[in-house]
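Heads up, the thing below is written out as C-alpha cells.
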Amino acid sequence: AGVVQVMGADLAPAEGRGEFLAIFRTLGKASDLVAPLIIGTLAEFSSLQVAVLVTCMIGIIGTVWVMGCVRETLPTQGSPKTGQSQLHDHHNCQLGAGPTSVGK
C-alpha cells in the first residue's frame, strides 16, 4: 500500500534510505508469497476458522505494535523544523519494548 511505503520512507534513516527501502520492499514481497502458503497449510491441517482466527490475531498484534512503536512523522506546530533529527529517532522500539510517544 502507498501509505506503508510513505511511512517506510519517512522512518528510514537518512543514510542508506535506498537500501532500507529495498529490504523493506523485498520482505513485503516475500510475505506476499509465503502468507498464502502458511494460511493454506494451517487451514488444511486444522480448519478454515482456525486459519481466519490466526490471521486476525496477527493483524491485531501488528496493529498494537505499530500504535506503540511507530511515531507520527508529521512535525507539529511547536516542534523545531530541524528535519530528520527528530523524525528518525526511532531506534528505541524493539520487540518487547514498551510504548513510545504515541498519543502524547
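The values are calculated or read from the model by the stated rules, or taken from the named source; none is laboratory data. Note that this is a predicted model, so its numbers are computed, not measured. Here Cβ is always computed from backbone atoms with ideal geometry, including for glycine, and neighbour counts include all displayed protein chains. Just the protein is used for accessible areas: all its heavy atoms, side chains included, with ligands, DNA and RNA removed. Shrake-Rupley method; radii C 1.70, N 1.55, O 1.52, S 1.80 Å.
So which pairs qualify, if the first residue must be in the stretch 57-78 and farther than 16 Å from residue 4 by Cβ, the second must be surrounded by 11 or more Cβ atoms within 10 Å (Cβ to Cβ), the Cβ gap must be under 8 Å, and the two must be at least 6 apart or on different chains? Correct list of pairs: 68/93; 68/99; 68/100; 68/102; 75/86; 75/87. For the stretch 3-39, taking the residues that are open to solvent by less than 50 Å² (accessible area, probe 1.4 Å) and under 14 Å from the mean Cα position of the chain (by Cα), the one that is farthest from residue 73 (Cα to Cα) is identified as 28. In the stretch 1-12, the residues that are over 17 Å from residue 31 (Cα atoms) and acidic (Asp, Glu) form no Cβ pair under 6 Å with any partner that is open to solvent by 70 Å² or more (accessible area, probe 1.4 Å) and part of a helix (DSSP H, G or I), whether six or more places apart or across chains. If you go through the stretch 21-49 and pick out every residue that is farther than 22 Å from residue 6 by Cβ and not small (Gly, Ala, Ser), you end up with 12. Restricted to the stretch 1-102, the set of helices (runs of 4 or more DSSP H) holding at least 3 residues that are at pLDDT below 80 and not aromatic (Phe, Trp, Tyr) comprises 2-11, 84-87.
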